[in-house]
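What follows is one structure encoded as structure tokens, with my remarks underneath.
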């Protein structure tokens, strides 16, 4: 097998590891050994035995296919040590750069997905809180309306009782006023009768007084006439000479 084919096989193996790391970032820490393998491979003196030890975890091979990987690694070890180290270092750096770019892209994508998921969760929680607040506000409003209605009912009852009391008082005042008017009318009638009787008595007395005065005057006139007649007779008889 030529060196070009070996490099192609190694690139295929490395790309498989990169895909595994990319899958790790997106779906969880299932095959984190790929990243460790790539980072250690970039160090000088990275040997085939160390590669194989990093490819296993508790007796389980993480990357596949293992048979092709072992054959490729043993064939590459047959080259000269200096050429292998040079090529491994350059290849390791390239692989680290590619892996870092892939991991950054995958991490960015995963971060965006996490942010979107968290944003959606926060939005749902906010909606739940909003719904809860609206429900509580409606309950509070209903309680306030109920209490206000009860207060208005009690107030209307108190006002109704006061109006009834006021109406009763007004009726009593009207009855008292009517009774007072009746009493005043009776008093007026009595006063009129009294005045009529008093006026009648005064008229009677005035008539009697007038009659007496007239009698006295007539009596005085008669006496004056009699006196004049006596004086004339006396003059005739010469009694007064």
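Take the Cβ atoms of residue 159 and residue 187, set R0 to 41 Å, and the FRET efficiency comes out at 0.50. Taking 0.36 nm per residue of sequence separation and removing the Cα-Cα distance, the residue 98/residue 144 pair yields an extension gain of 9.8 nm. Extending 7 Å from the Cα toward the beta-carbon at both residue 123 and residue 226 defines two label points whose distance is 14.8 nm.
Throughout, read-outs are computed from the coordinates displayed, never taken from laboratory work. All values reported here derive from a predicted model rather than from experimental measurement. Glycine gets a Cβ as well: all are built from the backbone with ideal geometry, and neighbour counts include every protein chain shown.
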